[in-house]
There are 2 protein chains.
Amino acid sequence: MSHPATVADVARAAGVSRQTVSNVLNRPEVVRPSTRSRVQAAVQELGYRPHASARRLRTRQSSTLGVRLEPVHGISGAVLDRFLHALVDSADERGMRILLFTAEDVDDELAHIEHLVEGSDVDGFVLTSTFHGDPRPAWLGTRGVPFVMFGRPWGLPDVDAAPHPWVDVDGRAGLHDATTHLLALGHRRIGFLGWPSHSGQGDERRRGWQGAMPPDEPLDALDLTCEDDVAAARRTVTGALDGGARFDALVCASDTLALGARFALGASVPVVGYDDTPVAEALGISSVEQPLVEVASAAVELLMGSGRSVLPASTGHRLLAPRVVWRA
Amino acid sequence: MSHPATVADVARAAGVSRQTVSNVLNRPEVVRPSTRSRVQAAVQELGYRPHASARRLRTRQSSTLGVRLEPVHGISGAVLDRFLHALVDSADERGMRILLFTAEDVDDELAHIEHLVEGSDVDGFVLTSTFHGDPRPAWLGTRGVPFVMFGRPWGLPDVDAAPHPWVDVDGRAGLHDATTHLLALGHRRIGFLGWPSHSGQGDERRRGWQGAMPPDEPLDALDLTCEDDVAAARRTVTGALDGGARFDALVCASDTLALGARFALGASVPVVGYDDTPVAEALGISSVEQPLVEVASAAVELLMGSGRSVLPASTGHRLLAPRVVWRA
């Protein structure tokens, strides 16, 4: 075994729960003698040392991944929290824990990362919220610090050739699927409501809608933009209707936009949001769901391979397909 | 004293039996308050630590607090995530970081905690989701592991005398304030929609409504219960209306219940939820907001005083007032 044995390894080898291993180590009197012997044999065979800090001194491993906890904003803000839950679970399966920190901005984040690296507090990082001109990959790459990004390296001419591992969700495919399905249901004038300024995510989602629409359908009158705000979305869609626009259905770049659109259009016009938030679920609005459990699992795999320690370098990537949750 | 204090030393100093010392450490509710105070004073004075690894915790600081990340369920599930954000911020101000772990159940949680304690990986814990019969306080108390609970120790005859620190939000006051405000607006028949089975939180919220209602108002016909589910809440309120019930307003134990009630009552009857979730905000439903930033700050203060390291023992508590976010 290439990594120091963990309680989970001992439990697996002895065919018992982690609690039982812990009992044998700490309160042997509560465990049956035959079980105790089996666990003790596994402890010996695997060379398990119960003291993590001693193990760390020996191996320099912290069995910990660092993650910046970002502020939560709005209806879709909880998506990164849901990713965090999935990441903690995926990391736990490899005996890894998650150390959280906060930062004011990306420079502050790098300062925190530097501090954690110097203290050998973490074995690697999971970065979220990537953006055009993101300085973090180069910073970490230069210093040889293992990391994986949730979010493709926007702005690189060829993201597949990025010199670091990333995992992302194919938002274009999500909007393409939603639009194709609505067309198959007989809807023709399918609008898109997206964000005004260009961003990697927003542009990809718009392209998914564009690519699915029939070539003979003029898209300009169906293509709406407004800031990510419920009231603004409602005003924008109401304004388009007042101006003579007609929509058989509307696909949106976010659940926030979808909610505003629902208020403007009523329940009779199908609306599709993005991120499948509790708000969409509570109101029965269809939405594109990101496969966050798979994202987390892929992130851990890119960082650790199939083993139990962080790899020194890795450059793989995974682009995962979302699915549309349809609601009547 | 040249040797580490023992149970016998504590018993001698407090003038009680060793069994009584053990009771105070493990089942404080069975000991008279005056005796309890005497034993606790002796524990503090002698610096008694029941467990060797807890002594290590004190001397070898990790500048890290452990928190179990619980699964997210439903509309209100993100409340603990919002608390986590506030906690990471409050801890950061004291130079502390948060280590996350997951657990299947409370036994698994204790196994994880034990592992973290053995490894000196954390200086203390922040526990959430307290419940009647919660084994964690006694387990941690016995071993001298510093911790603070978000949630009062439900089930103790006198929560103020709990031998460990806790911080909680006064849900009773929140519902009382909401009801009082609705009465002042001229509403009379104010209903309550809560959960069917008894729980500390649910019962407190119901009591807040009961206590604010005028003594001459018969409450039975206004007191509704159903499971925490949007469709069930809608059915329950619709059923009450069909049965001849009339409501001027309705206060609810959760935003989930408030959303179902809103669907049943329409927007003309004021509805108040609990937890001020994004769903309540998006739909313009009034809601009781827990002061999570203050909760986190109080938790860190109870655990660390005004300093930058975790205190060996602390028994303070804070019951914070929520506020009602009124929406038209």
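The values are calculated or read from the model by the stated rules, or taken from the named source; none is laboratory data. Computed from a prediction, not measured in an experiment: that's the story for all the values here. Positions of Cβ are generated from backbone atoms using ideal geometry, with glycine treated the same way; all protein chains shown enter the neighbour counts.
Screening B:ASP276 with (1) within 14 Å of chain A (Cβ to nearest Cβ); (2) in a helix (DSSP H, G or I) gives one miss only, at (2). Of the listed requirements (1) out of contact with any Lys or Arg (no Cβ under 8 Å at 6 or more places or on another chain); (2) under 28 Å from B:THR128 (Cβ atoms); (3) without any contact (Cβ under 8 Å) to a residue 24 or more places away in the chain, B:LEU311 misses just one: (3).
Listed here are the residues, each with its yes/no results for (1) free of Cβ contacts under 8 Å to residues at least 40 places away in the same chain; (2) over 20 Å from A:GLY243 (Cα atoms); (3) in contact with a His (Cβ under 6 Å, 6 or more places away or on another chain).
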position	(1), (2), (3)
A:THR180	yes, yes, no
A:LEU193	no, no, no
A:PRO196	yes, no, no
A:GLY211	yes, yes, yes
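Filtering segment A:224-259 to residues that are among the polar types (S, T, N, Q) and touching a residue at least 40 places away in the same chain (Cβ under 8 Å) leaves A:THR236, A:SER254, A:THR256.
In segment B:93-104 there is at least one residue matching the filter, namely being assigned to a strand (DSSP E or B), aromatic (Phe, Trp, Tyr) and either farther than 11 Å from B:VAL126 by Cα or in contact (Cβ under 8 Å) with a residue 60 or more places away in the chain (or both). Every listed requirement among (1) within 14 Å of chain A (Cβ to nearest Cβ); (2) in contact with a strand residue (DSSP E or B) (Cβ under 8 Å, 6 or more places away or on another chain); (3) in contact (Cβ under 8 Å) with a residue 40 or more places away in the chain; (4) not polar (S, T, N, Q) is met by B:ARG262 save one, (3).
Filtering A:ALA212, A:ALA253, A:ALA221, A:ALA233 for residues that are of a type in the set (A, V, I, L, M, F, W, C), surrounded by 22 or more Cβ atoms within 10 Å (Cβ to Cβ) and more than 19 Å from A:GLY266 (Cβ to Cβ) leaves a single hit, A:ALA253.
Of all residues in segment B:144-154, exactly one satisfies the criterion of being at pLDDT below 90 and farther than 18 Å from B:LEU319 by Cα, namely B:GLY144.
Of all residues in segment B:220-239, those that are touching a Phe, Trp or Tyr at 6+ places or on another chain (Cβ under 8 Å) and either more than 24 Å from B:TRP326 (Cα to Cα) or not in a helix (DSSP H, G or I) (or both) total 6. Could you list, in sequence order, all residues of segment B:125-158 that are among the hydrophobic types (A, V, I, L, M, F, W, C) and over 13 Å from the mean Cα position of the chain (by Cα)? Selection gives B:PHE125, B:ALA138, B:TRP139, B:LEU140, B:VAL145, B:PHE147, B:LEU156. Of all the numbered requirements in (1) out of contact with any Pro (no Cβ under 7 Å at 6 or more places or on another chain); (2) on the phi < 0 side of the Ramachandran plot; (3) not in a helix (DSSP H, G or I), A:PRO153 misses one, and that requirement is (1). With respect to the conditions (1) crowded, with 22+ Cβ neighbours inside 10 Å; (2) assigned to a loop (DSSP other than H, G, I, E, B); (3) of a type in the set (Gly, Ala, Ser), A:GLY174 lacks only one, and its number is (2).
Looking at A:LEU183, is it assigned to a helix (DSSP H, G or I), surrounded by 15 or more Cβ atoms within 10 Å (Cβ to Cβ) and not polar (S, T, N, Q)? The answer is yes for A:LEU183.
B:ALA267 passes every criterion in (1) buried (at least 19 other Cβ atoms within 10 Å of the Cβ); (2) within 14 Å of chain A (Cβ to nearest Cβ); (3) in a loop (DSSP other than H, G, I, E, B) apart from (1).
If you filter segment B:244-259 down to residues that are part of a loop (DSSP other than H, G, I, E, B) and among the small types (Gly, Ala, Ser), you find that the one that is nearest to the other protein chains (Cβ to nearest Cβ) is B:SER254. Of everything in segment B:91-107 that is closer than 19 Å to A:ASP89 by Cβ and in contact with a helix residue (DSSP H, G or I) (Cβ under 9 Å, 6 or more places away or on another chain), the residue that is farthest from the other protein chains (Cβ to nearest Cβ) is B:VAL106. Each residue in segment B:10-34 was checked for being within 21 Å of B:GLY155 (Cβ to Cβ), aliphatic (A, V, I, L, M) and in a helix (DSSP H, G or I), and 3 pass. Only one of the numbered conditions (1) part of a strand (DSSP E or B); (2) aliphatic (A, V, I, L, M); (3) surrounded by fewer than 23 Cβ atoms within 10 Å (Cβ to Cβ) is not met by B:LEU193, and that is (3). Just one residue in the set B:GLY66, B:GLY133, B:GLY141 is modelled with pLDDT of 85 or more, in contact with a strand residue (DSSP E or B) (Cβ under 8 Å, 6 or more places away or on another chain) and of a type in the set (Gly, Ala, Ser); that residue is B:GLY66.
Each row is one residue, and each column tells you yes or no for (1) within 12 Å of chain A (Cβ to nearest Cβ); (2) surrounded by 23 or more Cβ atoms within 10 Å (Cβ to Cβ); (3) modelled with pLDDT under 85.
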residue	(1), (2), (3)
B:VAL30	no, no, yes
B:SER37	no, no, no
B:ALA42	no, no, no
B:PRO50	no, no, yes
B:VAL72	yes, no, yes
B:ALA78	yes, yes, yes
B:ASP89	yes, no, no
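The listed residues are A:LEU84, A:LEU65, A:LEU116, and the only one of them that is in contact with a Lys or Arg (Cβ under 9 Å, 6 or more places away or on another chain) and either part of a helix (DSSP H, G or I) or surrounded by fewer than 23 Cβ atoms within 10 Å (Cβ to Cβ) (or both) turns out to be A:LEU116.
If the condition is being within 14 Å of another protein chain (Cβ to nearest Cβ), hydrophobic (A, V, I, L, M, F, W, C) and within 22 Å of A:HIS85 (Cα to Cα), then segment A:108-137 contributes A:ILE113, A:LEU116, A:VAL122, A:PHE125, A:VAL126.
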